[in-house]
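Participant: Mind looking over this structure? Questions follow.
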Amino acid sequence: MVREREFPKQIASLEEVFGFLEGFYAEEGIRTRTGLSLSLVVEELFTNLVKYNTASRNPIVLRLSKEDGRAHLELVDRDVDRFDPAAVPEVDVNAPLAERQPGGLGLHLVRAIVDRITFAYQDRVLRIAVDKDLEPSDV
Amino acid sequence: MFEIRHAEDGAILLCGRLDAVQAERLAGVFARIVTPTTIDFRELDYISSAGLGILFATHKRLVDAGGALRLVHLKPHIRELFGIGGFDKLFELE
């Protein structure tokens, strides 16, 4: 079953987003630790869309499903300019404090946590889809 | 829910979930830190890049002034995030 909900494109929507996610975890038996990781992924992607994809204020669509031992999350942002994740500089996690830059950490964390991520852009619609393979205790 | 508590020994306890909304509140509190300070994570369940960014900026400011933040009692999943982000090399973690 795919669960879908729209959220106003603002940081303040996060509380509602987390509520939606926690309902999904409860219904699907996804354990707390995995849920925290998935919530982090959604927060990072959602806030990136709010902060950097400002061409429209259309609500952001969030879709959630669990199938074949993996959680599938999709965020859809409509009527927006192209977002190129490859243009986001890689974080140098080995840089010393004096040279470390604060930006880019969110996408770095997302890439480390999920098993697959795709960015698709067509007709001014951006779709970000992520899969996370679940632990046996989540399945 | 997210709470910031001040312990008698000067440590700051972070409790609950520190997301991008709550990070704005944390930024206001951390902007007032001017001396080496211990941040106690024992009751913190969640942190995202917004909170990590404030920790980073505060720590860097203090190090430049000859101090530092000291982070204690991180839960394993939060310590793992610090490792992914390379923050375990930037902070003193206990």
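The values are calculated or read from the model by the stated rules, or taken from the named source; none is laboratory data. If you're wondering where the values come from, they're calculated on a predicted model, not measured in any experiment. Positions of Cβ are backbone-derived with ideal geometry, glycine not excepted, and every protein chain shown enters the neighbour counts.
Participant: Which residues, counting only those in the range B:56-71, are within 21 Å of residue B:27 (Cβ to Cβ), more than 10 Å from chain A (Cβ to nearest Cβ) and not polar (S, T, N, Q)?
Facilitator: B:61, B:62, B:65, B:67, B:69, B:70, B:71
Participant: Hey, could you check the range A:92-102 for residues that are under 22 Å from the mean Cα position of the chain (by Cα) and at pLDDT 90 or above and say which is nearest to the other protein chains (Cβ to nearest Cβ)?
Facilitator: It comes out as A:93.
Participant: Would you check which residues across the range A:59-78 are part of a loop (DSSP other than H, G, I, E, B) and at pLDDT 95 or above and list them? Walk me through it before giving the result.
Facilitator: First, pick out the residues of the range A:59-78 that are part of a loop (DSSP other than H, G, I, E, B): A:59, A:68-69.
Across the range A:59-78, the qualifying residue is only A:59.
Participant: A further question follows. Counting only residues that are over 9 Å from the mean Cα position of the chain (by Cα) and among the polar types (S, T, N, Q), which one in the range B:37-55 is farthest from the other protein chains (Cβ to nearest Cβ)?
Facilitator: B:37
Participant: Quick one: how many residues across the range A:104-139 are in a helix (DSSP H, G or I), surrounded by 15 or more Cβ atoms within 10 Å (Cβ to Cβ), more than 14 Å from chain B (Cβ to nearest Cβ) and out of contact with any Lys or Arg (no Cβ under 8 Å at 6 or more places or on another chain)?
Facilitator: Count: 0.
Participant: Being surrounded by 17 or more Cβ atoms within 10 Å (Cβ to Cβ), within 11 Å of chain B (Cβ to nearest Cβ), of a type outside the set (Phe, Trp, Tyr) and free of Cβ contacts under 8 Å to residues at least 24 places away in the same chain, is that true of even one residue in the range A:21-35?
Facilitator: Yes, the range A:21-35 contains at least one residue that is surrounded by 17 or more Cβ atoms within 10 Å (Cβ to Cβ), within 11 Å of chain B (Cβ to nearest Cβ), of a type outside the set (Phe, Trp, Tyr) and free of Cβ contacts under 8 Å to residues at least 24 places away in the same chain.
Participant: Oh, and also: Quick check on my filter: what residues within the range A:54-91 are in contact with a Lys or Arg (Cβ under 7 Å, 6 or more places away or on another chain) and free of Cβ contacts under 8 Å to residues at least 24 places away in the same chain?
Facilitator: none
Participant: Also, quick follow-up: Mind checking whether some residue in the range B:49-69 is in contact with a Lys or Arg (Cβ under 6 Å, 6 or more places away or on another chain), of a type outside the set (Phe, Trp, Tyr) and more than 25 Å from residue A:44 (Cβ to Cβ)?
Facilitator: Going residue by residue through the range B:49-69, those that are in contact with a Lys or Arg (Cβ under 6 Å, 6 or more places away or on another chain) are none.
There is no residue in the range B:49-69 that is in contact with a Lys or Arg (Cβ under 6 Å, 6 or more places away or on another chain), of a type outside the set (Phe, Trp, Tyr) and more than 25 Å from residue A:44 (Cβ to Cβ).
Participant: Restricting attention to the range B:14-27, and to residues there that are away from every other protein chain (no Cβ under 11 Å) and at pLDDT 95 or above, which single residue is farthest from the chain's Cα centre (by Cα)? Steps first, please.
Facilitator: Restricting attention to the range B:14-27, the residues satisfying the condition of being away from every other protein chain (no Cβ under 11 Å) are B:14-16, B:25-27.
Still in the running and at pLDDT 95 or above: B:14-16, B:26-27.
Details: B:14: 8, B:15: 11, B:16: 13, B:26: 9, B:27: 10 Å.
Here the answer is B:16.
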